[in-house]
Each structure stands twice: as C-alpha cells, then as structure tokens.
Amino acid sequence: ASTVGVQLAEAFKCSLNAANNNQGIIRNISMLYSIQDSDANQNQAFNQALLLERRGTFAVVGPQNNVQVVPVANLYNTANTPLISSGAGSFNLGNATIYPTFLRVWPPDTFQARAMAETFRLLGWTFIAALFTNDEYGQSGRQALLQATSRQRIRVTCLNNIFPNVTTGLQSFSDCVAASDASVVVLWMGPESASAVISQMNSNPMNNRT
C-alpha cells in the first residue's frame, strides 16, 4: 500500500470508531468496515468493489480518483449501493441521472475550473496554453476549463492531450507554447505526468521566459 493509502485508511478507521463511540450520532448500531486495496489500478478497484458488493456491503467509501471511480460507480448503480468518493472530481460524475448513487466530498472539476478562470481574469491572463492527460481526469478537466474560460473571455491556445506518464508528442506542444504569447501554461493531470512535462519543457531554451 502507498503512504497516502495508509493515511486514508487510518483516517477512515479513526472517524468510524469515533462515530461508533458517540451515541448522539448513531444509537444502538455499530458500523463494521472492510478495507480493500485498489492498488491504484482500475481493474483491481472493480474487482475489490465486486467483492464488497457480493458481501452485501451497505455503502462504500472510495476509490479516490476518477479512473477507478467510473467503473465502480456503474457497478453500484445496478446494486443501488451508495458510493462516496473523497477525491473524484470528474465533470461527468456530477450527472445524477447517470450516477444516481454516487456522492463526493471533493469539489467537482467545474468548481476548480471556475476558480482558475477567475484567477486568470484577476491577474490579466487572457491568453493561456493548456495540456491535459488523455484519461477520465484530464478530459473532464478539459471540458470544465474550456467552459469556464469561455465565460471569462479567456483564449486557450496550444490545446493538446498526452497519455498519462508519457511525454511522447510533447515536443509539438512545447514548441507551440514557445512560439505563442500565452501568459501561463495549465497542466491538468496527475503529479507524475506534470513532473515529466515540466522537466521536458524546461529543457526547451525557448520556454525560458519570465
């Protein structure tokens, strides 16, 4: 298990124990739990979710990211089982008609995109470049950001996608940014992908602008 996974599991156990010990929250009922490891893998997350569903689980907390949540949410829709995510912000998951049993405590991507667009407007950045990963998280962010920037009359240039953790094809985006008048580059992706993109773009001397 990753360090983050262990922290989330311990926080969940602590919260559930606190709820069980507080009769003002739930009377005469003790909630039981089973923690499964999705191993940050879509198929593994689905298999563990299927195991929980077969056990007659009342509700499920997690997974945390969009890629894992989507197939799990589809599974629990058919079983009418509540699914609560602490980190999935996908634009599409907000459709209650398609995902009626899905809930989240994390703000949807639309909120984050609006905050970013408002920040661009306040700083006078009316011309930005944007790169997204070609997965559920990146494409949800792309949809939300383009919608939010259009409302603020902010132009997006060098719009492109890459596969997660792969920098193949990034050179054309880097060259586009270097030749543009974009004030800022938006990377809507996970930390590993962003780190690889930043490293490669910094190696392009034409991108060394203030």
Flagged pairs (Cβ under 6 angstrom, 6 or more apart or on separate chains; first in the stretch 1-24, in a helix (DSSP H, G or I); second polar (S, T, N, Q)) are ASN20/SER30
Exactly one of LEU131, LEU122, LEU75 is of a type outside the set (Phe, Trp, Tyr) and under 19 Å from SER38 (Cβ atoms), and that residue is LEU75
Please determine whether any residue of the stretch 137-153 is open to solvent by less than 30 Å² (accessible area, probe 1.4 Å), among the aliphatic types (A, V, I, L, M), touching a residue at least 40 places away in the same chain (Cβ under 8 Å) and not in a helix (DSSP H, G or I).
no
Conditions (1) surrounded by fewer than 17 Cβ atoms within 10 Å (Cβ to Cβ); (2) within 22 Å of the chain's Cα centre (by Cα); (3) of a type in the set (A, V, I, L, M) -> ILE25 fails only (2)
Filter the stretch 117-136 for residues that are outside any helix (DSSP H, G or I), of a type outside the set (Asp, Glu) and open to solvent by 10 Å² or more (accessible area, probe 1.4 Å); the one that is nearest to CYS158 (Cα to Cα) is PHE127
**Message:** Against the condition at pLDDT below 85 and either of a type in the set (Phe, Trp, Tyr) or open to solvent by 30 Å² or more (accessible area, probe 1.4 Å) (or both), how does ALA88 come out, does it pass?
**Reply:** no
Can you confirm whether the stretch 181-196 contains a residue that is in a loop (DSSP other than H, G, I, E, B) and within 30 Å of THR81 (Cα to Cα)?
yes
Check the stretch 60-78 and report whether any residue there is farther than 30 Å from ALA148 by Cα and more than 20 Å from the chain's Cα centre (by Cα). yes
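Out of all the residues in the stretch 93-116, which are in contact with a helix residue (DSSP H, G or I) (Cβ under 6 Å, 6 or more places away or on another chain) and either open to solvent by 60 Å² or more (accessible area, probe 1.4 Å) or modelled with pLDDT of 95 or more (or both)?
As a first pass, look at the stretch 93-116 and keep what is in contact with a helix residue (DSSP H, G or I) (Cβ under 6 Å, 6 or more places away or on another chain): 99, 101-102, 108-110, 113-114.
The one that is in contact with a helix residue (DSSP H, G or I) (Cβ under 6 Å, 6 or more places away or on another chain) and either open to solvent by 60 Å² or more (accessible area, probe 1.4 Å) or modelled with pLDDT of 95 or more (or both): ARG114.
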Within the stretch 36-79, of all residues that are touching a residue at least 40 places away in the same chain (Cβ under 8 Å) and over 15 Å from LEU103 (Cβ atoms), the one surrounded by the fewest Cβ atoms within 10 Å (Cβ to Cβ) is VAL67
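The values are calculated or read from the model by the stated rules, or taken from the named source; none is laboratory data. Just so it is clear, the structure is predicted and the values come from calculations on it, not from any experiment. Cβ atoms come from the backbone with ideal geometry, glycine included; neighbour counts cover every protein chain shown. Quick note on the areas: whole protein, heavy atoms, side chains included, nothing else; ligands and nucleic acids left out. Shrake-Rupley method; radii C 1.70, N 1.55, O 1.52, S 1.80 Å.
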